[in-house]
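For reference, the structure is listed below as structure tokens.
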Amino acid sequence: MGFEFWSVAEYARRLERDVDDAFRYRMMIHDLPRYFHAASPGVRRWMLTERPPLTERKWDALLAAVTEHLAIVHGEAVPEWVNEEERFLDIPWRVLGEGRNPFSWITGSPGAFHRHGVLVNGKDLDERGGHRWYAAILS
């Protein structure tokens with residue numbers, strides 16, 4: 001049985017649906033990296049091509065961070081849309097961070113996430129999606 005690949009823009013459109021934050025987080029931190037990793041280089045480039053619509057600022061920043069991180073880890077060109085002003089947060093957001101050690105969110109978030117102002121527990125990233133401990137170093 002094969003995968004049905006969605007573009008990053010399709011992930012954004014699905015985030016607009018009436019789903020809870022835990023589902024959004026799971027889609028972006030677990031599903032998107034898993035499918036991106038499973039894709040061939042040609043499919044990866046296709047997944048990054050279309051500019052996603054803006055949904056809600058904090059989720060737009062997270063989607064941009066995940067996309068930038070995956071592109072870098074997999075040696076793909078980072079799409080220009082990740083640099084749009086609306087895809088950055090002024091005040092860092094610890095995504096679904098209640099009840100966990102805040103230090104792990106600071107040290108475990110890859111650099112792209114810091115750049116966009118979203119902090120995730122790096123251990124939540126799908127290992128096959130390419131998370132590396134050294135990606136947390138700020139540039």
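The values are calculated or read from the model by the stated rules, or taken from the named source; none is laboratory data. Being a predicted model, the structure only gives us computed values, none of them experimental. Note that each Cβ is placed from the backbone with ideal geometry, even for glycine, and that neighbours are counted across all protein chains shown. Keep in mind that these areas ignore ligands, DNA and RNA; they rest on the heavy atoms of the full protein, side chains included. Shrake-Rupley method; radii C 1.70, N 1.55, O 1.52, S 1.80 Å.
Annotations
- Number of positions in the range 31-54 that are within 11 Å of Ala9 (Cβ to Cβ), out of contact with any Pro (no Cβ under 7 Å at 6 or more places or on another chain) and open to solvent by less than 60 Å² (accessible area, probe 1.4 Å): 3
- Single unsatisfied condition, Thr67 versus (1) open to solvent by 20 Å² or more (accessible area, probe 1.4 Å); (2) modelled with pLDDT of 75 or more; (3) among the polar types (S, T, N, Q): (1)
- Applying the criterion of at least 3 residues that are in contact with a strand residue (DSSP E or B) (Cβ under 9 Å, 6 or more places away or on another chain) to the helices (runs of 4 or more DSSP H) found wholly in the range 23-73 leaves 57-73.
- Some residue of the range 89-109 being in a helix (DSSP H, G or I), touching a residue at least 24 places away in the same chain (Cβ under 8 Å) and more than 21 Å from Lys123 (Cβ to Cβ): no
- Selection status of Trp93, open to solvent by less than 60 Å² (accessible area, probe 1.4 Å) and touching a strand residue (DSSP E or B) at 6+ places or on another chain (Cβ under 8 Å): yes
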